Amino acid sequence: MQAVSPVPVPGPVPGESILTESDASLLFGGARTAYTFADEPVTDAQLRAIHELAKWAPTAVNAQPLRAAAVRSPAARERLLPCLPPGNREQAVGAPLTLVCAADRSFTEPLPRLHPRAEHYQQLLEEGGPDMRAQWARTSALIQAAYIIQAIRAVGLAAGPMNGDNAEALAAEFFTGQDVEVLLVINVGHPGPDAYQDRNLRLPFEEVYRVL
Ligand SMILES: Cc1cc2nc3c(=O)[nH]c(=O)nc-3n(C[C@H](O)[C@H](O)[C@H](O)COP(=O)(O)O)c2cc1C
């Protein structure tokens, strides 16, 4: 078995960053995935602020295909928990709010409001067929989900992203009648006791990038 690397400690913020040290830490090196949550609600104002920040994510043809169910009421949370696999259910049970994030494969419909060449792209995606539309929807919605994680951190909350296992059950429960692919689930809230697992290694630049 391969040896586990020593726990990495984030180094100083690179001098090239133009964020303050504390902002850079909040969003990057100091940001952690939360596995437990305090008994404190996520307010409407916080949820809307998350959207106001994250909505600027770049997406293909500005189509913004991400659709999110913000599961907060006790009744909705009762419907959520059975859709999650056991390990992830334990994490979600204590979260005040969970975002079920999906890619809308019918994203071409609102396109005329979003892009000046909507007609051209609607035709291209019509000709490209369902696989092409699904691929475009997935790529951009995943980028939007990453922005949402950062926006959650920017409003002082913690995110606990989890795989969208049982995607079909989640889609049936929260996106009835919509042509969506559930991609991931994000618990949101203030971190609770022992909220974090050990920090694991990040790949070094040389393993990730090839500069050509
Ligand atoms: C797309 C995605 C899916 C994840 N799925 C799970 C999951 O199903 N269960 C889980 O316990 N953690 C899950 N995680 C959490 C990751 O393991 C965690 O974010 C990563 O190890 C970094 O941890 P850190 O932020 O504490 O450094 C997921 C994270 C992401 C971004």
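Things to note:
- The packing ranking, built from the mean of other Cβ atoms within 10 Å per residue, places the peptides 196-202, 109-115 in the order 109-115, 196-202, highest first.
- From the largest down, the chain spans 52, 51, 43 angstrom on the principal axes of its Cα atoms.
- Sorting 168-177, 142-151, 203-212 by their mean Cβ neighbour count within 10 Å, with the most densely packed peptide first, gives 142-151, 168-177, 203-212.
- With neighbours defined as other Cβ atoms within 10 Å of a residue's Cβ, the residues VAL13, VAL61 order from fewest to most as VAL13, VAL61.
- Fully extended contour minus Cα-Cα distance, from ASP44 to ARG79, at 0.36 nm per residue: 10.5 nm
- Placing R0 at 25 angstrom, the Cβ-Cβ distance between ASP23 and MET132 gives a FRET efficiency of 0.05 after rounding to 0.05.
- Debye, to nearest 20: dipole size of the chain, +1 on Lys, Arg Cβ, -1 on Asp, Glu Cβ: 160
- Gaussian network model of the chain, springs between alpha carbon atoms under 10 Å - residue of LEU183, LEU125, LEU66 with greatest fluctuation: LEU125
Taken together, the values in this text are just the output of simple stated rules run on the coordinates, not laboratory data. Predicted model only: the values in this text are computed from it and were never measured. Methodologically, a virtual Cβ is constructed for each residue, glycine included, from the backbone with ideal geometry; neighbour enumeration extends over all protein chains shown.
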